[in-house]
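Everything below concerns the one structure shown next.
Only the coordinates and a few stated rules stand behind these numbers; no lab work does. This structure is a prediction, so every number in the text was calculated from the model and none was measured. All Cβ positions, even for glycine, are placed from backbone atoms using ideal geometry, and neighbour counts span all protein chains on display.
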Amino acid sequence: MQFNLYIFNQLFRTCMALITVLISIIWLFQSIRLLEFVVDKGASVWEFFAMSVAAMPLWLMITVPISGFIAVNWVFSRILADRELTVMQAVGLSPFQLAKAPIALGLVLSAFLTVNSVYILPNSFQTYKNLQFKLRHSIPTVLLREGVFIEIVDDLTMFIGKRGENDVLQDIFIHDTRTDDRVITMTAETGKFIDRDGVPTLILQNGERSEGDDEGQTGAVLLFDSYSLSITQKNDQPTERQSIDMNEDSIRNLLSPERATSPKYYLQRHAEAHYRMASPWLGLALTMLSAALILKGQIRRDLWSKRVMANVSACVLVIICVVMTRGWTSNQAIFWPLIYLSILAPIGFAGRHLISPKAPAIGEQT
């Protein structure tokens, strides 16, 4: 019991360290892409970190099982080098008894991934996509330069004479041709960008608005004290997202065409739902499979490299099978049981391998 607790503590700490390292590497590469919103869109530091954190539950679905797999190999390699594993086998502990700590770790990882897949991922990814939509449709105020004509969106050109404190714009000229057969020209003393219900809006103060046709004929002229100008690609552009990503939808909605926001993508959504239910058990599958291949038979240091190679090959094979069956289910819904089979089969194989009578392990001579 004490030995299993000792091994579990080492496995858990190593797994947490590996998850931190892998997430940090992914976050670094993701941050490079997200910096576009900071540089081009003028996003705040809080929005940058909120998007980074909101995407993490999606990364955890693959980094957690892989970290558990690496942790089992790492810890057992270390205790083998210290001869602790050899001693425990010599005193009569069976492979299943030695594998209790990796199995416990796999159950903990799978339990966390289940909560992550069902509850955390949909909510966090919705936050991520909402922020992404908001920033992509925001006005890149950092690109507005004094004394330069800038096309801030298609068919909307803006000129500012000076940029004051708190991003207050002065001496503004706007040429708007977003509406067919109509040309709008506006001038104003000052203006400031605000966010109004998710729509970037320019509030102009003390100016003039003139409207004409595309042939240059001027129509009505309006003098205003305050005027609001919505900044969108087209005047009829939707200001809210029309569809949602599968990662931010619930499993119930993914399985039901009637409840789905996008029923035409039912096959892809159906495959995603079954993957979301099955993939958490990948944490248990990889840790058990790794423990079974390590602990079966006589544990010898000269056989370790062969067992590690077999472990890595088995891990890659399982992940490939999960990806392939998910792809098949996206084309033919009848293949959905294969997603579960690709994960449950390694668990069954590992369990049988750990409990069955002693047999030669990988690399042993019969």
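Which order do the peptides 122-133, 68-79 come out in when sorted by mean C-beta neighbours inside 10 angstrom, highest first? Intermediate values should be presented prior to the final figure.
Values: 122-133: 18.0, 68-79: 22.3.
Ranked by mean Cβ neighbours within 10 Å, highest first: 68-79, 122-133.
What does the extension gain come out to for L107 and V53, with contour length at 0.36 nm per residue minus their alpha carbon separation?
Length gained, L107 through V53: 16.9 nm.
Most exposed first by the Cβ proxy, i.e. fewest other Cβ within 10 Å, how do E258, E211, E189 rank?
Working: E258 6, E211 16, E189 13.
Listing E258, E211, E189 from fewest to most nearby Cβ atoms yields E258, E189, E211.
At 7 Å along Cα-to-Cβ for each site, give me the label-to-label distance between S305 and S24 in nm.
3.1
Can you give me the distance in nm between label points at D154 and R33, each placed 7 Å from the Cα along the Cα-to-Cβ direction?
Simple spin-label model gives 2.4 nm for this pair.
Using 1/(1 + (r/R0)^6) with R0 = 22 angstrom and r between the beta carbons of V221 and H175, what's the FRET efficiency to the nearest 0.05?
Working: r = 15 Å, r/R0 = 0.70.
Once the sixth-power term is evaluated, E becomes 0.90.
Lys/Arg Cβ at +1, Asp/Glu Cβ at -1, dipole of the range 1-111 taken about the Cα centre: which of I26, L98, M56 is farthest positive-ward?
Going by the Cα projections, it comes out as L98.
I'd like to compare 226-232, 11-17, 45-51, 98-104: which one has the highest average count of other Cβ atoms within 10 Å, and what's the full order after that?
Details: 226-232: 16.1, 11-17: 17.7, 45-51: 14.6, 98-104: 23.3.
Result, highest mean Cβ count within 10 Å first: 98-104, 11-17, 226-232, 45-51.
Rounded to the nearest 0.05, what FRET efficiency is calculated for E146 and W74 with R0 set to 41 Å and r the Cβ-Cβ distance? Walk me through the numbers on the way to the answer.
Numbers: r = 58 Å, r/R0 = 1.40.
Here the calculated transfer efficiency is 0.10.
Sorted by average packing, counted as other Cβ atoms within 10 angstrom per residue and highest first, what order do 282-292, 319-329, 156-166 take?
Details: 282-292: 28.5, 319-329: 17.4, 156-166: 14.5.
Going by the mean number of other Cβ atoms within 10 Å, highest first, we get 282-292, 319-329, 156-166.
How much length would be gained if the chain were fully extended between N206 and I334, taking 0.36 nm per residue of separation minus their Cα-Cα distance, in nm to one decimal?
On the way: separation 128, 0.36 × 128 = 46.08 nm, distance 6.54 nm.
Full-extension gain reported as 39.5 nm.
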